[in-house]
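A short worksheet on the structure shown next.
The values are calculated or read from the model by the stated rules, or taken from the named source; none is laboratory data. The structure presented is a predicted model; accordingly, all values stated were derived computationally and were not measured. In this analysis, Cβ positions are derived from the backbone assuming ideal geometry, glycine residues included, and neighbour counts consider all displayed protein chains.
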Amino acid sequence: MKVLFDVNHAAHVHFIRNAYSILSEQGYDCMISASDKPLAYELLDEFKLPYLPMGPIGKSMPAKMLRLFLHDLKLLFYCLKHRPKVILGIVAIRGSHVGWLLRIKTLVFTDTEHAALQIAFFKPFATEIHNPEWFTKSLGPKQVRYKGFHELAYLHPNHFIPRPEVLQKLGVEKEDAFFILRFVAWDATHDLNQSGISLQHKRALVSFLALRGRVFITSEYELEEEFKALEFNIPVSFLHDAMYYSSLVIGEGATTACEAALLGIPSIYINSISLGYITYLESNYDLVWHLTDDSEIIKSVTRLFDNKNYKEDWKKKKNHFVGTQIDTTEYIVSLVKDNCK
């Protein structure tokens, strides 16, 4: 039985990789189509997952539309040749188009309410749309809610075991304090007219944290020259291991903020965009702090550090929360099997 996973982002690689392995071991013929987004191909190569390279998605809106048309064609010919029984992916726009044309079941996941344009492109064509139960938007009769998070497909304790060798790669000891900063490229369609941390406050934050430990930066764009010495120089597949051993994660990316929270690491998310899962984690479990004013960053970090037991407190909150959620990989595997019958 053939299954196609459609990947459009580095985080999507993590989302499908455990399900890919489990299904492959059980005799399913799994395939991957992947966009050329930052780190996506690198991750697929590190995990030794074969894939059909779809190429870039474009930066301007006209370029994105042209690339989508070309991707649709490329994936159409690929599926005509391989005939998958199911197509599954996060925001699988081209997958939903091709699935609709070829009458292939297409299971699309999304957890981003404000991505209205993306939703409009896949909603009419998808067979089912799967959202976590905290997703605040109603998507009609195709919508299926589940009790979980995308990130628990790879960070659930059933699947994630931190690798201590990352500490050697970073040049730190287990007891050392170190901090991870995440900067985004602001080129997604849902990032239009949104904002995060200004260059002025990035400088102030780096200086503030550098007095208290090591600072590492992971960025979707080419970093400013003044920050390049702080950029991660480890294999990208080790990012979550580094996060697990870190003291704090701060950044503009909601996915990274959520990942840190699910690892029991305090995370401060600075972005004008409010997301259902960030609000859920903040309001109900105090696992993420969301700021829309970047001038408040250092004040919030200081408040966190004033609690000498903040690391232990976060681990306890995380353990309680994860115990209320499902293993998302198990959900994906069951979903594929049910739709392959």
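Computed quantities for the displayed model
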| quantity | calculated |
| --- | --- |
| Filter result (within 20 Å of Pro157 (Cα to Cα), part of a helix (DSSP H, G or I) and hydrophobic (A, V, I, L, M, F, W, C)) within the stretch 254-270 | Ala257, Cys258, Ala260, Ala261, Leu262 |
| Matching residues in the stretch 327-341 - criterion: being crowded, with 17+ Cβ neighbours inside 10 Å and of a type outside the set (Phe, Trp, Tyr) | Asp327, Thr328, Thr329, Glu330, Ile332, Val333, Leu335, Val336, Asn339 |
| Output for the stretch 225-253, where each listed residue is small (Gly, Ala, Ser) and either under 18 Å from the mean Cα position of the chain (by Cα) or in a strand (DSSP E or B) (or both) | Ser237, Ala242, Gly251, Gly253 |
| Qualifying positions in the stretch 15-62 - within 20 Å of the chain's Cα centre (by Cα) and small (Gly, Ala, Ser) | Ala19, Ser21, Ser33, Ala34, Ser35, Ala40, Gly55, Gly58 |
| Qualifying positions in the stretch 1-11 - modelled with pLDDT of 95 or more and within 16 Å of the chain's Cα centre (by Cα) | Phe5, Asp6, Val7 |
| Single match in Pro84, Pro141 (criterion: in a loop (DSSP other than H, G, I, E, B), within 15 Å of Ile16 (Cβ to Cβ) and modelled with pLDDT of 95 or more) | Pro84 |
| Some residue of the stretch 111-122 being touching a helix residue (DSSP H, G or I) at 6+ places or on another chain (Cβ under 6 Å) and crowded, with 21+ Cβ neighbours inside 10 Å | yes |
| Some residue of the stretch 165-186 being in contact with a Ser or Thr (Cβ under 7 Å, 6 or more places away or on another chain) and of a type in the set (Val, Ile, Thr) | yes |
| Residues satisfying the stated conditions in the stretch 100-109, i.e. touching a helix residue (DSSP H, G or I) at 6+ places or on another chain (Cβ under 8 Å) and in contact (Cβ under 8 Å) with a residue 24 or more places away in the chain | Leu101, Leu102, Ile104, Lys105, Leu107, Phe109 |
| From the options Asn131, Asn158, residue that is farther than 18 Å from Thr256 by Cα, within 16 Å of the chain's Cα centre (by Cα) and not in a helix (DSSP H, G or I) | Asn131 |
| Flag if Pro162 is in contact (Cβ under 8 Å) with a residue 12 or more places away in the chain and exposed (fewer than 13 other Cβ atoms within 10 Å of the Cβ) | no |
| Qualifying positions in the stretch 246-274 - within 15 Å of Asp313 (Cα to Cα) and out of contact with any strand residue (DSSP E or B) (no Cβ under 7 Å at 6 or more places or on another chain) | Leu262, Leu263, Gly264 |
| Unique match (being among the polar types (S, T, N, Q), in contact with a Gly (Cβ under 7 Å, 6 or more places away or on another chain) and modelled with pLDDT of 95 or more) among Thr106, Thr136 | Thr106 |
| Number of the condition not met by His190 [criteria: (1) modelled with pLDDT of 90 or more; (2) under 30 Å from Met61 (Cβ atoms); (3) part of a helix (DSSP H, G or I); (4) within 16 Å of the chain's Cα centre (by Cα)] | (1) |
| Selection within the stretch 207-220 - free of Cβ contacts under 8 Å to residues at least 40 places away in the same chain and within 24 Å of the chain's Cα centre (by Cα) | Val215, Ile217, Thr218, Ser219 |
| Subset of the stretch 135-159 that is hydroxyl-bearing (Ser, Thr, Tyr) and out of contact with any strand residue (DSSP E or B) (no Cβ under 8 Å at 6 or more places or on another chain) - its residue that is surrounded by the fewest Cβ atoms within 10 Å (Cβ to Cβ) | Ser138 |
| Complete set of residues in the stretch 30-54 that are surrounded by 13 or more Cβ atoms within 10 Å (Cβ to Cβ) and at positive phi | Leu39 |
| Among residues of the stretch 1-29, those that are crowded, with 17+ Cβ neighbours inside 10 Å and acidic (Asp, Glu), counted | 1 |
